[in-house]
Amino acid sequence: MTPSRSGDDRVHFYLPSFAGGGAERIFIRLANHIVSCGRDVVLVVNQDKGPLRDLLSGDVTLHVLGAPKAALALPRLVRYLKTNAPDVLISALTRSNVTALAAARIAGVGTRVVVCERNQFSTFVREFDPIRQTLLKAAVRFLYPSAYAVIGNTAEVTRDIVAVANLDGTQAAVIHNPAPDAQQMDAARNSAPDHAWFGEDRPIAVAIGRLVPQKDYPTMLRAVALSRPDLRLIVLGEGPEKTALEALARDLGIDDRVDFSGFRMDRFSYLVRADMFLLSSVTEGFPNALIEAVTAGVPSVSTDCAGGGAREIIGEDFPDRIVGVGDAAAMAKVMTSLLEAQDPERVAADRHRIASIASRYDIGRIADAFLARAGA
């Protein structure tokens with residue numbers, strides 16, 4: 001497709017807020033990287049709040065719509081598009097994508113909208129009640145074909161949204177999430193986490209993610225209970241399932257070995273000291289926490305979650321560390337085998353091989369891919 005120029009040639013990103021999710025973190029990093037390369041960048045958000053606010057570069061122009069949710073942001077985004085006529089708007093997360101596409105249609109200023117799916121839509125939408133499922137599916141099928149490009153962060157996520165929205169195959173593309181910079185991990189190694197367990201001679205597993213059903217922490221807790229009795233688990237994340245998960249840990253008799261430490265900005269300092277990383281999700285797109293663990297060189301065990309991201313990241317190099325969704329026994333078996341591989345040379349070689357995977361996901365290459373697909 002040949003881009004049509006409409007007015008404002010800055011690169012515009014659109015997010016709901018600065019919430020602590022993976023999509024927000026990735027798109028803030030992309031905005032920061034692109035502006036550091038000399039392009040003017042604008043980040044449009046519904047709300048100027050969330051724990052990631054301080055990560056945004058001061059060189060990125062911030063525009064706050066002041067709407068509590070994506071649907072209510074529609075008239076304000078329409079007004080913004082009419083006033084500024086941006087050439088490109090790159091949006092992330094399904095409901096924001098729907099708002100962005102609807103706003104562009106109404107504004108009629110020729111903005112090329114690139115929408116990005118971060119999870120397998122067919123699985124993600126099941127979290128909603130039947131009425132909301134029907135409405136969201138209808139909106140996606142109606143609006144997504146009008147996008148300039150539709151980006152999935154894994155092949156499986158992309159195939160799924162193509163089928164759901166009946167897209168032209170040339171309209172869709174796979175662009176993975178970027179890995180953290182190696183310098184971030186080096187800095188983390190020089191900054192100890194505020195957790196007493198790292199001062200003790202016992203193995204520690206780390207998990208990162210919201211405490212929600214999608215992450216299936218019950219499977220992870222059951223795997224910990226089935227694994228070596230000296231293993232401890234630190235979970236970095238907040239969410240509505242915390243009370244139930246703490247109760248399950250007590251029922252399993254592992255509450256003294258599991259710590260729900262909440263959302264932590266210094267999560268890298270936990271990762272670089274962990275003996276392993278655990279992911280037990282039912283569905284993920286391209287799991288940021290997993291690529292962060294890989295960059296840190298941490299042996300990782302993951303479920304073969306819908307979306308295919310875990311398989312794409314470590315499945316080729318470490319197929320034995322991918323287990324079935326909900327299979328606590330299989331996860332525990334892999335965890336135990338990793339803990340028993342204590343030969344220092346073997347451990348060091350394993351960590352080096354793991355960390356080398358991250359080079360495939362360089363942020364410069366990924367930012368260039370986004371700009372190319374957006375015609376920017």
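Numbers below:
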{"quantity": "Fewest-first sequence of Ile151, Ile322 by Cβ atoms within 10 Å of each Cβ", "calculated": "Ile322, Ile151"}
{"quantity": "Whichever aspartates and glutamates have a C-alpha closer than 16 Å to that of Lys137, once near sequence neighbours (fewer than 8 apart) are set aside", "calculated": "Glu117, Glu127, Asp129, Asp160"}
{"quantity": "Straight-distance crosslink candidates among aspartates and glutamates, where the alpha carbon sits under 16 Å from Lys333 and sequence neighbours closer than 8 are dropped", "calculated": "Asp230, Asp275, Asp304, Asp320"}
{"quantity": "The range 70-184: Rg to Rh, with Rh as the Kirkwood radius over Cα pairs", "calculated": "0.99"}
{"quantity": "Residue among Ala71, Ala332, Ala310 with the largest mean-square fluctuation in a Gaussian network model of the chain, springs linking Cα atoms under 10 Å", "calculated": "Ala71"}
{"quantity": "Euclidean distance between Cα centres, the range 133-147 to the range 169-211, Å", "calculated": "34"}
{"quantity": "Whole-Å distance, taken between Cα centres, linking the range 310-376 and the range 24-68", "calculated": "28"}
{"quantity": "Net +/- balance of residues flanking Gly199 in space, Cβ distance below 13 Å, scoring K and R +1, D and E -1", "calculated": "0"}
{"quantity": "Exposure proxy ranking, count of Cβ atoms within 10 Å, fewest first, for Tyr80, Tyr361", "calculated": "Tyr361, Tyr80"}
{"quantity": "Stokes-Einstein D in µm²/s, Kirkwood radius over Cα pairs - the chain at 25 °C with 0.890 mPa s viscosity", "calculated": "115"}
{"quantity": "Distant alpha-carbon pairs in the range 182-360 (separation over 30 angstrom), percent", "calculated": "9"}
{"quantity": "Angle between the chain longest axis and helix 22-36 axis [Cα atoms, degrees, rounded to 10]", "calculated": "60"}
{"quantity": "Ordering of 92-101, 197-206 by packing [mean C-beta count within 10 Å, highest first]", "calculated": "92-101, 197-206"}
{"quantity": "Rounded if a/c under 1.5, otherwise prolate or oblate - the range 123-179, Cα gyration tensor axes", "calculated": "oblate"}
{"quantity": "Net +/- balance of residues flanking Ala187 in space, Cβ distance below 14 Å, scoring K and R +1, D and E -1", "calculated": "-1"}
{"quantity": "Semi-axis lengths (Å, descending) of the ellipsoid that matches the C-alpha gyration tensor of the range 1-122", "calculated": "20, 17, 14"}
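Where a number appears in this text, it was derived from the coordinates with a stated rule and is not lab data. The shown structure was predicted, so the numbers you read here are calculated from the model rather than taken from an experiment. Using ideal geometry, Cβ is built from the backbone for each residue, glycine included, and neighbour counts are taken over all protein chains shown.
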